[in-house]
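Asker: The structure under discussion is supplied below as structure tokens; questions concerning it will follow.
The values are calculated or read from the model by the stated rules, or taken from the named source; none is laboratory data. This one's a predicted model, so the numbers in the text were calculated from it and none came from an experiment. Positions of Cβ are backbone-derived with ideal geometry, glycine not excepted, and every protein chain shown enters the neighbour counts. The area values use the complete protein model at the heavy-atom level, side chains included, leaving out ligands, DNA and RNA. Shrake-Rupley method; radii C 1.70, N 1.55, O 1.52, S 1.80 Å.
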Amino acid sequence: MKVGTFFVRTWRVLSIFGFLFSLFNSYISYPNEVAVRFDSIGYAIQYIDREVLFYLAIGIFLLNNTLVNLVSRLFVRLPSAQVPVPNQAVWIHHRDQLNENVTNWFTALMAAVNTILALGLMVLSFLNRSDRSQMAMDYAWLLPLSTVILVTVLVALPIRLFVKPTADD
């Protein structure tokens, strides 16, 4: 197993455990009405029932992992002539490497969404605890971090596909 494959598989497994931990931990700590939107002063202006938030998170998780995994498995079955990649003439002769790169990318995409979902649930949990007085601005790092994670994963595949495969790759 290559290092990249090991990394994305490990990240996916850890993101699943992190999501489950964050989901159940936050559900326990949520009040019946969870504040999900705050004004500039820090007062909650929109609430969602905790069961709705719980099932919404589970739905996003299942949809993400099921659909992305399905597309990943279908890509491997595409005929080489119909694979829309740059340098197609080169990648046709290295189909195993192409399949591995694309499968790793889909695995990383699943892990990225799981990680962002877990971080979002954790931040909501922290903001809704009554024993702490925290402002929504204390967690302003979540949006830039989520953006960096997604952009890094989304850009990784096109960059990798423009690099020609090597014999030892």
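Asker: How many residues, within the range 63-85, are farther than 16 Å from Arg12 by Cβ, loosely packed, with under 12 Cβ neighbours inside 10 Å and not small (Gly, Ala, Ser)?
Answerer: 5
Asker: Given the residues Ile45, Ile28, Ile60, Ile41, which is the only one that is more than 22 Å from Thr5 (Cα to Cα) and part of a loop (DSSP other than H, G, I, E, B)?
Answerer: Result: Ile41 is the single residue among Ile45, Ile28, Ile60, Ile41 that is more than 22 Å from Thr5 (Cα to Cα) and part of a loop (DSSP other than H, G, I, E, B).
Asker: If you don't mind, there's one more thing I want to ask. Would it be correct to say that Tyr55 is open to solvent by 50 Å² or more (accessible area, probe 1.4 Å) and either farther than 14 Å from Arg129 by Cβ or in contact with a strand residue (DSSP E or B) (Cβ under 7 Å, 6 or more places away or on another chain) (or both)?
Answerer: Values: open to solvent by 50 Å² or more (accessible area, probe 1.4 Å): yes; either farther than 14 Å from Arg129 by Cβ or in contact with a strand residue (DSSP E or B) (Cβ under 7 Å, 6 or more places away or on another chain) (or both): yes.
Answer is yes for this residue.
Asker: Then there's this: Which residue, of Ala112, Ala108, Ala89, Ala118, is exposed (fewer than 12 other Cβ atoms within 10 Å of the Cβ) and in a helix (DSSP H, G or I)?
Answerer: After ruling out the rest, the residue left standing is Ala89.
Asker: Restricting the first residue to the range 1-16 and requiring it to be more than 24 Å from Met122 (Cα to Cα), which pairs with a second residue that is part of a helix (DSSP H, G or I) and of a type in the set (Asp, Glu) meet a Cβ separation below 9 Å and a spacing of at least six or different chains?
Answerer: What qualifies is Lys2/Glu100; Gly4/Glu100; Thr5/Glu100.
Asker: Just checking, does the range 122-144 include any residue being within 21 Å of Val13 (Cβ to Cβ), at pLDDT below 95 and buried (at least 21 other Cβ atoms within 10 Å of the Cβ)?
Answerer: Checked the range 122-144: no residue is within 21 Å of Val13 (Cβ to Cβ), at pLDDT below 95 and buried (at least 21 other Cβ atoms within 10 Å of the Cβ).
Asker: Looking only at residues that are of a type outside the set (S, T, N, Q) and touching a residue at least 24 places away in the same chain (Cβ under 8 Å) in the range 143-157, which one is farthest from His93 (Cα to Cα)?
Answerer: Leu145
Asker: Taking Tyr55, is it in contact with a Lys or Arg (Cβ under 8 Å, 6 or more places away or on another chain) and either closer than 16 Å to Asn114 by Cβ or assigned to a helix (DSSP H, G or I) (or both)?
Answerer: Taking the combined requirement at face value, the residue does not satisfy it.
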